[in-house]
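**Student:** Before I ask anything, here is the structure I am working with.
The values are calculated or read from the model by the stated rules, or taken from the named source; none is laboratory data. No experiment lies behind these values; they were computed from the predicted model shown. Cβ sites come from the backbone with ideal geometry, for glycine too, and all protein chains shown count toward neighbours.
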Amino acid sequence: MSKKTLFDKVWDSHVVSQIEGGPSVVYIDRHLVHEVTSPQAFAGLDKRGIKVARPKQTFATPDHNVPTIDQHLTIRDVLSRSQVETLTKNCENHGVTLFGLNHPWQGVVHVVGPELGITLPGSTMVCGDSHTSTHGAFGAVAFGIGTSEVEMVLATQCIMQPKPKKMLIEVNGKLGKGVTAKDIILYIISKISASGGTGYFIEFAGSAITSLSMEGRMTLCNMSIEMGARGGMIAPDETTFNYVKGREFAPKGTDWDKAVVYWKTLKTDDGAEFDSVIRYDGGDIEPMITYGTNPGMGCKISDTLPDGSEFADNNKTTFLKALKYMDIEPGSKMLGRKIDYVFLGSCTNGRIEDFRTFASFVKGKKKDKDTIVWLVPGSKQVEKQCIEEGIDKILNEAGFELRQPGCSACLAMNDDKVPEGKYAVATSNRNFEGRQGPGSRTFLASPLTAAAAALTGVITDPRELM
Amino acid sequence: MAIDKFITLESPAIPLPIENVDTDQIIPARFLKATTRDGFGENLFRDWRYDKNNNKISNFVLNNSTYTGKILVGGRNFGSGSSREHAAWAIYDYGFKVVVSSFFADIFKNNSLNNGLLPVQVSEGFLSKIYSAIEANPATKLKIDLENQTITLLSSGESEKFDINPYKRTCLMNGYDDIDYLLNMKDKIEAFEKSKA
Ligand code: SF4
């Protein structure tokens, strides 16, 4: 038998048919749906006069639009409300399971899936959202799709996709103090650029990766899309099985035992070939921060920025344009730069571990009084856990407040918008122009770096406060 | 839900020589609240086209009447970022039929093809030639021939081949829709499910 990569094993076992000279027809095990990219897809089904093909494999939750305070009241923004209501109506019509607003399982779709055991090793998953790559942390082939494709999966439980190329990114060695999964992925993207992974499906491996918790692995895979990759995945192991076991929708009893036997076969065979292989030394990674307007424009927090002279023409224009938008001098330093907002949350860093990290860092200290800090749990369950574990109290004592779950300032579709010209240290995944509100300026970083900034009001190396 | 057929197109082009044009620029998130597919063209490149008082920003290329046409020529890594199909809808709804770039983000490329918007990937060299030709004469035309997979600068006759998945090419040339194709595979899909159960 030919040698296969982890990706080959999962992908090949889901190919229903291969179109001549065309894409594969790939069977989808689990389909996640949210309110922004689905209404036109459901409308398409209604127009065709058909129903969702496999409603039991389809799960929906509103997240992008929802307010993060007073969620028990109606949503004030008319358009947002209409999108959330449309989702509810569509789910009712089609028998799709919905975790609606105020449901104990509502939250950011990529936080909810893993939390409920909807995400499983060896499965195929899609969602009309690019950060579906998150679920690859479990050894699933998971990727984002557009609305026409959402309609396709709703209608047929299959998708047409050409098989991507395969890339292996290995990170070995011990991570230094204050270095988290977020720093690993920001480091990788800063090396290979925001388009360096385009056309590829990535497998992350190496001791620095396998030593990560499931939350850390999700943070990593979440941002594989930020280098242009179709998705990223990590071979499932005991860490994975321990996380999945006992969760609501995970297999139980003998089904569980059978599943684990199969999941243990999901690793890249010795000698299997990748189209591209990149290796990094975990020891070289430091707390990272972005300075520009795409996630590839990042550096070590203590670095001095390039002055631009080392870039080729095209890159130089891009670099200078980004720094102009950010109002940052080429050749200056990141440390000590004044910030106005801090955002902890999103499908990248809105999980319980992120809140534990943030809370233990600020415990017994005081929030900077001029900085506005939004702490937004990724889901209702994360919120509940924060309360059960007393994290909310620690945060309150340090001058912070927890908000309610949703995407929030990650893309600013609700009221959590960073004003024009203001700076935010954000644990989310995109620093595009205006991403956090028109004219907003974003520095992407880890929850530790966000916590350090929330205490000092300036970009601060978290290691100095540890 | 057939898409519009595409065979050939001859048109002047609008240059947007910026790299990493991401989907948040193409259509900012605050315009994603609609539940229909219509009208997104109005907000295409909203924050580059209009200032915060809704006045047109005169030096943005879409506000410059010198440049017209159904072809948008973008810089490298066009369409990166989110999976929002609204980006493809906005470009198409505005009136573009083709986007040319030296490199496209994957999901954007799929979304475009699913909506009858043709992404044409050219070499860096050819891209610069297009920009120079438009700079020299904004009325200069490009010809896109999908059947032969060529893009030609009509002013000089220079031409380059572009890649497209043969299946997708057939779909575009005939206005076929993937979903109809898959709906016809129902039995095969059910058989696949049984084999896995
Ligand atoms: S948290 Fe941000 S990146 Fe994640 S799904 Fe929501 S909007 Fe998208």
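**Student:** Given the options B:ALA133, B:ALA139, name the one that is touching a Pro at 6+ places or on another chain (Cβ under 7 Å), surrounded by fewer than 24 Cβ atoms within 10 Å (Cβ to Cβ) and more than 30 Å from A:ILE145 (Cβ to Cβ).
**Tutor:** B:ALA139
**Student:** Also: Inside the stretch B:26-60, can you point out the residues that are charged (D, E, K, R) and touching a Leu at 6+ places or on another chain (Cβ under 8 Å)?
**Tutor:** Of everything in the stretch B:26-60, those that are charged (D, E, K, R) and touching a Leu at 6+ places or on another chain (Cβ under 8 Å) turn out to be B:LYS33, B:ARG49.
**Student:** Return the residues of the stretch A:7-60 that are hydroxyl-bearing (Ser, Thr, Tyr) and over 30 Å from A:THR88 (Cβ atoms); say none if nothing qualifies.
**Tutor:** Hits for the stretch A:7-60 are A:SER13, A:SER17, A:SER24.
**Student:** Just one of (1) surrounded by fewer than 17 Cβ atoms within 10 Å (Cβ to Cβ); (2) closer than 26 Å to A:GLY44 by Cβ trips up B:TYR50, so point out which.
**Tutor:** Result: B:TYR50 passes all but (2).
**Student:** Next up: Just to be sure I understand, how many residues within the stretch A:371-396 are away from the ligand (no atom under 16 Å from the Cβ) and within 21 Å of A:LEU448 (Cβ to Cβ)?
**Tutor:** The qualifying residues number 13.
**Student:** Quick one: in the stretch A:300-315, which of the residues that are of a type outside the set (Val, Ile, Thr) and more than 29 Å from A:HIS131 (Cα to Cα) is farthest from the ligand (Cβ to nearest atom)?
**Tutor:** Selected residue: A:SER309.
**Student:** Same structure, new question: With the condition kept exactly as written, say whether any residue in the stretch A:332-352 is among the charged types (D, E, K, R), more than 16 Å from A:ILE289 (Cβ to Cβ) and within 16 Å of the ligand (Cβ to nearest atom).
**Tutor:** Yes, the conditions are met somewhere in the stretch A:332-352.
**Student:** Still on this model: Kindly establish whether A:THR147 is within 29 Å of B:ALA90 (Cβ to Cβ), out of contact with any Pro (no Cβ under 8 Å at 6 or more places or on another chain), of a type outside the set (A, V, I, L, M, F, W, C) and buried (at least 21 other Cβ atoms within 10 Å of the Cβ).
**Tutor:** Yes.
**Student:** Here's something else I'd like to know. Does the stretch B:25-32 contain any residue that is without any contact (Cβ under 8 Å) to a residue 60 or more places away in the chain and at positive phi?
**Tutor:** No, the stretch B:25-32 has no match at all.
**Student:** To continue, here is another question. Out of the residues in the stretch A:1-37 meeting the condition of being buried (at least 21 other Cβ atoms within 10 Å of the Cβ) and assigned to a helix (DSSP H, G or I), tell me which one is nearest to the other protein chains (Cβ to nearest Cβ).
**Tutor:** A:VAL10
**Student:** So which pairs qualify, if the first residue must be in the stretch B:173-197 and more than 9 Å from chain A (Cβ to nearest Cβ), the second must be surrounded by 12 or more Cβ atoms within 10 Å (Cβ to Cβ) and β-branched (Val, Ile, Thr), the Cβ gap must be under 8 Å, and the two must be at least 6 apart or on different chains?
**Tutor:** Between residues of the stretch B:173-197 that are more than 9 Å from chain A (Cβ to nearest Cβ) and residues that are surrounded by 12 or more Cβ atoms within 10 Å (Cβ to Cβ) and β-branched (Val, Ile, Thr), the close pairs are B:GLY175/B:ILE3; B:TYR176/B:ILE3; B:TYR176/B:THR170.
**Student:** Another question about this same structure. When you look at A:ALA450, is it closer than 21 Å to A:GLY364 by Cα, within 16 Å of the ligand (Cβ to nearest atom) and either buried (at least 23 other Cβ atoms within 10 Å of the Cβ) or within 14 Å of another protein chain (Cβ to nearest Cβ) (or both), yes or no?
**Tutor:** So A:ALA450 fits the description; yes.
**Student:** Yes or no: B:GLU135 farther than 30 Å from A:PHE143 by Cα, more than 14 Å from chain A (Cβ to nearest Cβ) and not in a helix (DSSP H, G or I)?
**Tutor:** Here the answer is no, as B:GLU135 does not meet what is asked.
**Student:** What number of residues in the stretch A:175-218 are within 14 Å of chain B (Cβ to nearest Cβ) and in contact with a Leu (Cβ under 9 Å, 6 or more places away or on another chain)?
**Tutor:** Result for the stretch A:175-218: 1.
**Student:** Scan the stretch A:38-49 and tell me whether some residue there is in contact with a Lys or Arg (Cβ under 6 Å, 6 or more places away or on another chain) and part of a helix (DSSP H, G or I).
**Tutor:** The answer is yes; a qualifying residue exists.
**Student:** Sort out which residues of the stretch A:105-149 are hydroxyl-bearing (Ser, Thr, Tyr), away from the ligand (no atom under 13 Å from the Cβ) and under 24 Å from B:ASP178 (Cβ atoms), and write them in order of number.
**Tutor:** Hits for the stretch A:105-149 are A:SER123, A:THR124, A:THR147, A:SER148.
**Student:** If A:LYS417 passes every condition in (1) surrounded by fewer than 24 Cβ atoms within 10 Å (Cβ to Cβ); (2) more than 15 Å from B:ALA29 (Cβ to Cβ); (3) modelled with pLDDT of 95 or more but one, which one does it miss?
**Tutor:** Status for A:LYS417: all satisfied but (2).
**Student:** So, one more: In this structure, is A:ASP392 assigned to a loop (DSSP other than H, G, I, E, B) and more than 21 Å from A:LEU323 (Cα to Cα)?
**Tutor:** When the stated conditions are applied, A:ASP392 does not pass them.
**Student:** Among the residues of the stretch A:154-174, are any closer than 19 Å to A:TRP11 by Cβ, among the small types (Gly, Ala, Ser) and within 11 Å of chain B (Cβ to nearest Cβ)?
**Tutor:** No, the stretch A:154-174 has no match at all.
**Student:** A:SER195 - would you say it is at pLDDT below 95, crowded, with 21+ Cβ neighbours inside 10 Å and either under 21 Å from A:GLY378 (Cβ atoms) or away from the ligand (no atom under 16 Å from the Cβ) (or both)?
**Tutor:** Taking the combined requirement at face value, the residue satisfies it.
**Student:** Does A:ARG430 count as buried (at least 24 other Cβ atoms within 10 Å of the Cβ) and not small (Gly, Ala, Ser)?
**Tutor:** yes
**Student:** Still on this structure: Scan (1) closer than 22 Å to B:ASN148 by Cα; (2) touching a Leu at 6+ places or on another chain (Cβ under 9 Å) for the single condition B:SER123 breaks and write down its number.
**Tutor:** (2)
**Student:** Any residue at all in the stretch A:397-410 that is away from the ligand (no atom under 14 Å from the Cβ), crowded, with 24+ Cβ neighbours inside 10 Å and outside any loop (DSSP other than H, G, I, E, B)?
**Tutor:** No - not one qualifying residue is present in the stretch A:397-410.
**Student:** Now a separate question. Any residue at all in the stretch B:75-93 that is surrounded by fewer than 18 Cβ atoms within 10 Å (Cβ to Cβ), of a type outside the set (A, V, I, L, M) and more than 16 Å from the ligand (Cβ to nearest atom)?
**Tutor:** The answer is no; no qualifying residue exists.
**Student:** Hey, another quick one. At least 1 residues that are in contact (Cβ under 8 Å) with a residue 60 or more places away in the chain and within 19 Å of A:GLY173 (Cβ to Cβ) in each: list the helices (runs of 4 or more DSSP H) lying fully within the stretch A:183-271 that qualify.
**Tutor:** Of the helices (runs of 4 or more DSSP H) lying wholly inside the stretch A:183-271, those with at least 1 residues that are in contact (Cβ under 8 Å) with a residue 60 or more places away in the chain and within 19 Å of A:GLY173 (Cβ to Cβ) span A:207-210, A:214-222.
**Student:** Here's a follow-up. When you look at A:LEU79, is it within 16 Å of the ligand (Cβ to nearest atom) and within 14 Å of chain B (Cβ to nearest Cβ), yes or no?
**Tutor:** no
**Student:** Taking A:THR456 and the conditions (1) of a type in the set (S, T, N, Q); (2) modelled with pLDDT under 95; (3) away from the ligand (no atom under 16 Å from the Cβ), which numbered condition does it fall short on, given that it satisfies the others?
**Tutor:** (2)
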